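A.B. asks: Shown below is the structure under consideration.
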Amino acid sequence: MDSNHGWPEPIIRVQSLSESGTETIPTRYIKPPSDRPSIEASSYTLSIPVIDLSAMSKEEMASAVSAACREWGFFQVVNHGVRPELVRHGQEIWRGFFHLPIEEKQRYANSPTTYEGYGSRLGVEKGASLDWGDYYFLHVLPSCLKNHEKWPALPPDLRDITDEYSRELLNLCGRVMEAMSIGLGLDPTRLQESFGGTEVGACLRVNYYPKCPQPELTLGLSSHSDPGGMTVLLVDNHVRGLQVRKGSDWVTVEPIRDAFILNVGDQIQSLFPFCQVLSNAIYKSVEHRVMVNAANERLSMAFFYNPKADLPLSPIRELITPDRPALYKPMSFNEYRLYIRQRGPRGKSQVESLKTSQ
Ligand code: OGA
Ligand code: NI
């Protein structure tokens, strides 16, 4: 492999830029004024729904989840059944990884072929604008793609804790898929079946956003919608950063200790034959982005729950009617992901550009 590991130019770790003590960020990281974060302009009166999963019946959970998926595409869950000690341990162990010496992390330097490992950019366009963040990407499911050798060997408990964390999150995703299905008036298992039943995929991206000397000029992660099925995100409880699009506004998410932020991805939205994204008729895959800041680093763990990768996904038959014809052509998640990976984060243009013309 070439010395750039398949990337179009040498990779610079954002963490090393941050630690160099520079007071100005390189131009590659400066966003055009229209894309820069607007902290004061963001709406403080709005917030994504918070759903308390304790003492909720399946029907109550279905109606709360379904309303949130239609209105926001995003919600937080509290009392979700995953032990807080495990949640915190997971975060701390991954923070430990990013604080290891650079040589230790470089052993896992990733390439754009699979993205597995330690990375600092998404997309392979030469000269593209870059985001202020490093990450680690790994496969959890299917088991044939999971490879512990590609996970960090240090800190010592990282692999075991990540395995346990993944098992708990898969369980939570199963419950949420059921609620989403009931909320559409479908059989509880219908959504899961359309994802390939027990053959679903899952991966983890741990994002590390170092301190940034000019946070007003850049983003930790540019605006995008998540390409997969749904995402379970764990964020630092003391550092804000995630913003969710609501109409023409960006709403800053207030972190809640030990909670998860869940959102609908493009693959769930594509199960809907009709696409009035602005109406409340569908579960929406909503754009979001990440702000960085000068005072604190920020760590987040995004667990992506995906359909079986080679299954052509088409809209759910029961939702198709003569006046609601299928809007997307059947495409597998593998095909879609390949398309996205060449382009990097780009708002919602990617789902939109795949609509069949009508
Ligand atoms: C992502 C993502 C948000 C965050 O990894 O897709 O949107 O807060 N992360 O890091
Ligand atoms: Ni995302």
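The values are calculated or read from the model by the stated rules, or taken from the named source; none is laboratory data. All values reported here derive from a predicted model rather than from experimental measurement. Glycine also receives a Cβ, built like all others from the backbone with ideal geometry; neighbour counts cover every protein chain displayed. Please note that ligands, DNA and RNA were not included when accessible areas were found on the heavy atoms of the full protein model with its side chains. Shrake-Rupley method; radii C 1.70, N 1.55, O 1.52, S 1.80 Å.
A.B. asks: For a protection proxy built on the mean count of beta-carbon atoms within 10 angstrom, sort 20-29, 290-299 highest first, please.
C.D. replies: Ranking, from highest mean packing down: 290-299, 20-29.
A.B. asks: Then there's this: About the Cα centre of the chain, how large is the charge dipole given +1 on each Lys and Arg Cβ and -1 on each Asp and Glu Cβ? Please answer in debye to the nearest 20.
C.D. replies: The calculation lands at about 660 debye.
A.B. asks: What is the percent carbon and sulfur in the accessible area of the chain, measuring with a 1.4 Å probe over the protein chains and ignoring ligands?
C.D. replies: Its accessible area is 53 percent carbon and sulfur atoms.
A.B. asks: May I ask you to compute the full-extension gain from Thr113 to Arg36, defined as 0.36 nm times their residue separation minus their alpha-carbon distance, rounded to one decimal in nm?
C.D. replies: 24.7 nm
A.B. asks: Using only alpha-carbon positions, what ratio does the radius of gyration of segment 193-277 give when scaled by 2.2 N^0.38 Å?
C.D. replies: Relative to the rule-of-thumb radius for its length, segment 193-277 sits at 1.30.
A.B. asks: Any idea what the alpha-carbon Rg over 2.2 N^0.38 Å comes to for the chain?
C.D. replies: 0.95
A.B. asks: Label points 7 Å out from Cα along the Cβ direction at Leu186 and Asp157: separation in nm?
C.D. replies: According to this spin-label approximation, the distance is 3.9 nm.
A.B. asks: Moving on. Which one of Thr114, Pro227, Tyr208 is farthest out on the positive end of the charge dipole of segment 82-232, using unit charges on Cβ (Lys, Arg +1; Asp, Glu -1) and the Cα centre as origin?
C.D. replies: Positive-most Cα among the choices belongs to Tyr208.
A.B. asks: Glu19 to Arg341: extension gain in nm, 0.36 nm per residue of separation minus the Cα-Cα distance?
C.D. replies: 113.1 nm
A.B. asks: Along the positive direction of the dipole of the chain (beta-carbon charges: Lys, Arg +1; Asp, Glu -1; about the Cα centre), which of Ser332, Val251, Thr162 reaches farthest?
C.D. replies: Among Ser332, Val251, Thr162, the one farthest towards the positive end of the dipole of the chain is Ser332.
A.B. asks: Hey, quick one: spin label on Val50, modelled 7 Å out along Cα-Cβ, who in segment 231-261 has an amide N within reach, i.e. under 11 Å?
C.D. replies: Only 254-259 fall inside the zone, counting backbone N under 11 Å.
A.B. asks: Extending each Cα 7 Å along its Cβ direction at Asn4 and Glu164, get the distance between those two points in nm, one decimal.
C.D. replies: In this crude label model, Asn4 to Glu164 measures out at 4.2 nm.
A.B. asks: With a sphere of radius 12 Å drawn around the Cβ of Gly127, what net charge do the other residues whose Cβ falls strictly inside it have (Lys, Arg +1; Asp, Glu -1)?
C.D. replies: +1
A.B. asks: Report, in deg cm²/dmol and to the nearest 500, the calculated mean residue ellipticity at 222 nm for the chain, where each DSSP H run with n ≥ 4 adds -39500 (n - 2.57) and the sum is divided by the residue count.
C.D. replies: After summing the helix terms and dividing by the residues of the chain, the value is -7500 deg cm²/dmol.
A.B. asks: List the residue ranges in the chain for DSSP H helices whose C-alpha atoms run 24 angstrom or more along the long axis and whose Kyte-Doolittle average is -0.5 or above.
C.D. replies: Numbers: long enough: 158-182 (36 Å, -0.08).
In the chain, the long hydrophobic H runs are 158-182.
A.B. asks: In Å², what does the accessible area per residue of segment 1-99 work out to with a 1.4 Å probe?
C.D. replies: 53 Å²
A.B. asks: Let me ask something additional. Report the FRET efficiency, 1/(1 + (r/R0)^6), for Glu104 and Glu318, where r is their Cβ-Cβ distance and R0 is 45 Å, rounded to 0.05.
C.D. replies: On the way: r = 51 Å, r/R0 = 1.13.
For Glu104 and Glu318, the calculated efficiency is 0.30.
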